[in-house]
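Single-structure report; data block below.
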Amino acid sequence: MNNNPRPGLNSLLGVLAAGAVFGAATSLANAVAHLSVDLESREATTSGWSIMEIVSVLLDSGWAWAGLAVLAGLPATRAEQSDLRARTLARGAVAGVLALLAATAVYYAVDTIVHDVPLSSYGYDALYWWAATVLLGPILGAIGACARQPGAIGVLAQVTVPVGAAVQMFVMPPGRNEVITTIGQWVVWTMATVTIGMVAVRFLGVRRRRNFSRGAESSL
């Protein structure tokens, strides 16, 4: 008799665990970053920065949370599956929602411990972000489910997060002073450029191999 949990249950627990870890890490990074600087000093408002503040800025950005949902949806497509099915998109959508719900819940739960405040003090904020999760989580999770697809669909899915991150750095630059903002922008822009470049190189490589194979077959 096989006593191992079903694959679906393992995936569900994995998504919830990933969301919980991300939410806890973000809350703790924010707390450590806050303790690492004297916000009342002049330096803090003009040029002060720390590594933990950069980490906090990166984790607590919208693109990072969107990336969590996209990554959660990625396992919805099985490795051997080449076609995109409605069930695959549905699994990805559910995974994206669950990951964000877990991340939000744990984020505010850890915040109550760190700041020693009642859980009810974050009730409105949690409900607001849970509502946003229900609206955007399915889309982001479904994008993740498309990331393994061949061709343009897979490429677009893979570059969604890096492109969104790069755009956010223009529209909503992070940080409390110009130095943190500049560092955060260049870190994200560098990561986004490298990621998009890797996706493009891989896509062109696969396409070149396919063209070569077709040429070899036609010459026989």
Normalised alpha carbon radius of gyration of the range 49-156 [divisor 2.2 N^0.38 Å]: 1.25
For the range 64-75, 3J(HN,Hα) per residue [Karplus equation, 6.51 cos²θ - 1.76 cosθ + 1.60, θ = phi - 60°, Hz, x = Gly/Pro]: 5, 5, 4, x, 4, 5, 5, 5, 5, x, 4, x
Gyration tensor (Cα only) of the range 145-206 to equivalent ellipsoid, semi-axes in Å sorted down, yields 28, 11, 6
Would you kindly derive the ³J(HN,Hα) couplings of the range 99-115 from the backbone phi angles with the Karplus curve 6.51 cos²θ - 1.76 cosθ + 1.60 (θ = phi - 60°), listing them in order in whole Hz, with x for Gly and Pro? 4, 6, 4, 5, 4, 5, 4, 6, 4, 6, 5, 5, 4, 5, 6, 5, 9
Please compute the net charge surrounding Gly184, taking Lys and Arg as +1 and Asp and Glu as -1 over other residues with Cβ under 13 Å from its Cβ. -2
So, R0 is 45 Å and r is the distance between the beta-carbons of Ala132 and Arg209; what FRET efficiency does that work out to, to 0.05? 0.65
What length, rounded to one decimal in nm, is gained on full extension from Ser50 through to Val194, with 0.36 nm per residue of separation minus their alpha-carbon distance? 49.4 nm
Can you run phi through the Karplus equation (6.51, -1.76, 1.60; θ = phi - 60°) for the range 190-206 and list ³J(HN,Hα) in whole Hz, with x for Gly and Pro? 5, 4, 5, 5, 4, 5, 5, x, 5, 5, 5, 4, 5, 4, 5, x, 5
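Read the figures in this text as sums done on the coordinates, not as results from a lab. Small disclaimer: the values here were computed from a predicted structure and weren't measured. Every residue, glycine as well, gets a Cβ built from its backbone with ideal geometry; the counts of neighbours run over all protein chains shown.
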